[in-house]
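*Asks:* Structure in C-alpha cells, see below.
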Amino acid sequence: VTDPDWFSEQMRDPAPRDYNDGGQPGYTFNEQDRFTGILQESGLVDAFRHANPADEPCNDRGSANWTWRGTGAATDRYHNKGMRIDYTLVSSSLLPRVQSALILGHGSQRVGFCGSDHCPITLTLNPPADPAGARAAQ
C-alpha cells in the first residue's frame, strides 16, 4: 500500500476485540496474515509479485503496483492512496510458465485505467512443455 501507517489506522475501533483486526478493511494485519496463510496452505503464488519482485515495500505513489486507487480529488480521504487488491494467483506447479503479470492502470493519473475503481490485470503464460514432441525431436 502507499501509506501502511495511514491504512492501518483507518476506521479503527477505539476498543477492537483484537487490535490486529482494526484499520482499513482489506489491509488489517489479520487479513494480511490470513491471506498469506491461504496462499501457503493451498500452494498458490502471487504471479505479479513473482514476475515483478520488490526488494522493498512499493509505496511510490506513481507506482504501477496498485490495482485500486482513491479518487483524484484532493479533498477525498483516499486522495493519493493506493492498494493492491486484485491478484493473479497460480499454483506453484504453474509458476515456471508465468511469462508476465501486469497491472495495466497506474499512477495518480491512472494511465491505462478503464473506468472502474480497480485496474485491469493480465497474466500471460508460456505454452506447456510438450514432452512427446521433445522426445520425437531427439
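*Asks:* Here's a check for you: in the stretch 40-59, which residue that is in a loop (DSSP other than H, G, I, E, B) and open to solvent by 90 Å² or more (accessible area, probe 1.4 Å) is modelled with the highest pLDDT? Talk me through it step by step, then tell me what you get.
*Replies:* In the first step, residues of the stretch 40-59 are kept if they are in a loop (DSSP other than H, G, I, E, B); the result is 43, 52-59.
With the extra rule that they be open to solvent by 90 Å² or more (accessible area, probe 1.4 Å), the set shrinks to 53, 55-57.
On the way: 53: 82, 55: 55, 56: 52, 57: 53.
Out of the qualifying residues, it is 53.
*Asks:* To continue, here is another question. Mind listing whichever residues of the stretch 94-118 are surrounded by 13 or more Cβ atoms within 10 Å (Cβ to Cβ) and either farther than 21 Å from residue 84 by Cβ or modelled with pLDDT of 75 or more (or both)?
*Replies:* 94, 95, 97, 98, 100, 101, 102, 103, 104
*Asks:* Taking residue 78 and the conditions (1) crowded, with 17+ Cβ neighbours inside 10 Å; (2) modelled with pLDDT of 70 or more, which numbered condition does it fall short on, given that it satisfies the others?
*Replies:* Checking residue 78 against (1) crowded, with 17+ Cβ neighbours inside 10 Å; (2) modelled with pLDDT of 70 or more, the one that fails is (2).
*Asks:* What pairs can you find where one residue is in the stretch 26-39 and without any contact (Cβ under 8 Å) to a residue 60 or more places away in the chain and open to solvent by 70 Å² or more (accessible area, probe 1.4 Å), the other is in a helix (DSSP H, G or I) and not aliphatic (A, V, I, L, M), and their Cβ atoms are less than 7 Å apart, with a gap of 6+ or different chains?
*Replies:* Within 7 Å, the pairs are 29/20.
The values are calculated or read from the model by the stated rules, or taken from the named source; none is laboratory data. Computed from a prediction, not measured in an experiment: that's the story for all the values here. Cβ coordinates were reconstructed from backbone atoms using ideal geometry, including for glycine residues, and neighbour counts include every protein chain displayed. SASA here: full protein model, heavy atoms, side chains in, ligands and nucleic acids out. Shrake-Rupley method; radii C 1.70, N 1.55, O 1.52, S 1.80 Å.
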